Each structure stands twice: as C-alpha cells, then as structure tokens.
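Take a look at the structure below.
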Amino acid sequence: MRLEKIVPEDKEEIRAMSAGIWEGNDYIPKVFDRWVEDEGFYKGVLDDRIIAVCKYTRHPGGVLWLEGLRVHPKLQNKGYGSEVAGMFHRLITSKEYTALRFMTDATNAKSIHLAEKRGFDVVLELYHLDYEGVGDEEEGIAQEYDLGAVKDFVFSSREYQTYRKMYIKNWTAYDLTPELLEEELKAGNCFSVKENDEIQGVIFMNYHRRYGRVSVPFLAGADPVVDKLIRHAMWWSGEYGKGYLLLKTPFQKVKEMAETAGMELAPYRKVLVLELKNK
C-alpha cells in the first residue's frame, strides 16, 4: 500500500466508499472539495484502488488536527487501518508541529489503543449530548460583544481550565485563545446572562450549515445560569439552526442539567481528545 495526496478526480471513488460507512451518513463527501484545497488530505492506495483516507489540518499555534480516517467497508478488520495510520503518523511527524490531536468516541477502543501505543495521551473527556426539536425561549439572555468582559470572565473561569483551554466546535477542538474569542464575538456567537451589568455566565453557539446542526463549544457560569443557557441553546438551535443541537461537556453536573432539560446522551456517552506533544 502507498500513501498519496487526494486529488479532485478521486471524488467519485471516495463518495462510493463513504456510501457504505455510517449507513451512508459519512460527512467526507460534504467536505471533500474543501479538504482537497487544504493541505493534508491523503489516500491509502492498494492495487490502484483507494482503500482508505485520512486528513490533517493545521491549527493556529502549530497544532495538527487529525481526522477523517476511513477504511473501505469491505476491507475493515484486515489490518489496513493500522497500516495506513502508521504511514500517516510517520508522514505528519516529519512536519513541524507543536502537538498532534484528534477526537474519537470513547468506545473506539482499537483507535485509542493504537494512538496510545504511539505516545498519545487522553487529555480531555467529554459527555456528548444531542437534542432535536425546539425548546422555549429564555429571558435575560443576549448576544454579547464586550470582548474585554468576556475575556476576563472566560479566562478566570474554572471551565476554562477543565476544558483544558480548548474550544470544542462540533467535532474539532481548538485552542481557546484571545484571538479566537474575538472572532467568535464578532461573528455573534457569544451569549451572556448579566446581573448589574456584570457577566454571570456565557455560552458560545456555532451553526454548522454543512451539517445542519448547532454546537456549543464552550459554556461557563454558576449552575442556575448554566441551566438557563442550555435551555436557551435548545430554543436557539430550533429558531436559527435546523433544530439539532450538540453539546460536549466535561462536567457531570452540566450533563445532568442537559438531560433534565430534554437532551440525550449519545450511545457512546463520551468522546475523548487525545494529544501527542512534540518534545
């Protein structure tokens, strides 16, 4: 098997391969064109046939985000996944990076084992909750544009530390930096609860048009405020998204509040962020 960059002409072959993954709901065809334009989209080729794909994306700060590892459904459990992962690992570790990271569901024991053998550590565990529907609008919540106040609140919060200073946008974890906060505020993705003009809690929401869902990358505040913000997100996702909300949280208490509000845990319950530092 050999590893080669994916080119536009590979689209139909990869689309056909993806049709047999996740009951035809694989997202690779939706991002194919964008990924081809990026660096880092590769295929495993055997006998001139694409049998696997994988992707890395360069994040600010020198982090390489790994995603999209797929093996042809008819060739799974034959060792090809391990082989292409090994080739891909050698490729990316030859590049400049500060850390390699990826996210997977907690039941993906094989991928987690292979990653840990290569030196990756689990750095963040997150409950994964979903909601489909339209909740009720909450009062006292507004879009927040005061960057200084949000920075002070977020970077001094326990949540910032527990999230390992990461921002969990859909299925990708970014470093939560002042620059990222500024981008999100300018985009109108931050909402707050205030008392006497002081922020008591914040929630960030991103609408992912390509997937038809809203995700909550970061949420902070005292329990009653967080409960209110979760319910607002359930309403907001129906009003301004497609009625599908995704929440990943490291806190059991937030998980319980979300379930009480009507959200449900995914069958795999948790997702993990794994990281390999460049020493």
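The condition (being closer than 23 Å to Phe102 by Cα and either free of Cβ contacts under 8 Å to residues at least 12 places away in the same chain or surrounded by 19 or more Cβ atoms within 10 Å (Cβ to Cβ) (or both)) is satisfied by just one residue among Met205, Met234, Met263: Met205. Scan the range 35-43 and tell me whether some residue there is crowded, with 19+ Cβ neighbours inside 10 Å, among the basic types (Lys, Arg) and without any contact (Cβ under 8 Å) to a residue 60 or more places away in the chain. Yes, the range 35-43 has at least one match. Within the range 165-176, not a single residue is assigned by TED's automatic domain parsing to the domain that holds Tyr240, touching a residue at least 24 places away in the same chain (Cβ under 8 Å), within 22 Å of the chain's Cα centre (by Cα) and farther than 17 Å from Leu124 by Cα. Whenever a residue of the range 8-34 is within 21 Å of Gln76 (Cβ to Cβ), its partners that are hydrophobic (A, V, I, L, M, F, W, C) and modelled with pLDDT of 90 or more, lying with C-beta atoms within less than 6 angstrom and at least six residues away or across chains, give the pairs Glu13/Ile50; Ser18/Ile28.
For the range 260-277, residues that are touching a Phe, Trp or Tyr at 6+ places or on another chain (Cβ under 7 Å), among the aliphatic types (A, V, I, L, M) and within 17 Å of Thr172 (Cα to Cα) total 2. Of the strands (runs of 3 or more DSSP E) lying entirely inside the range 184-279, those containing at least 3 residues that are over 15 Å from the mean Cα position of the chain (by Cα) and within 30 Å of Leu64 (Cα to Cα) are 264-277. When the range 177-190 is filtered for residues that are closer than 18 Å to Thr249 by Cβ and either in contact with a helix residue (DSSP H, G or I) (Cβ under 7 Å, 6 or more places away or on another chain) or at pLDDT below 95 (or both), only Cys190 remains.
Scanning the range 88-106 for residues that are of a type outside the set (Lys, Arg), touching a residue at least 60 places away in the same chain (Cβ under 8 Å) and either buried (at least 16 other Cβ atoms within 10 Å of the Cβ) or touching a Lys or Arg at 6+ places or on another chain (Cβ under 8 Å) (or both) turns up Phe88, Tyr97, Thr98, Ala99, Leu100, Phe102, Met103, Thr104, Asp105, Ala106.
The values are calculated or read from the model by the stated rules, or taken from the named source; none is laboratory data. Because the structure is a prediction, the values reported are computed rather than measured. With ideal geometry, Cβ positions are generated from the backbone for all residues, glycine too; neighbour counts draw on all protein chains shown.
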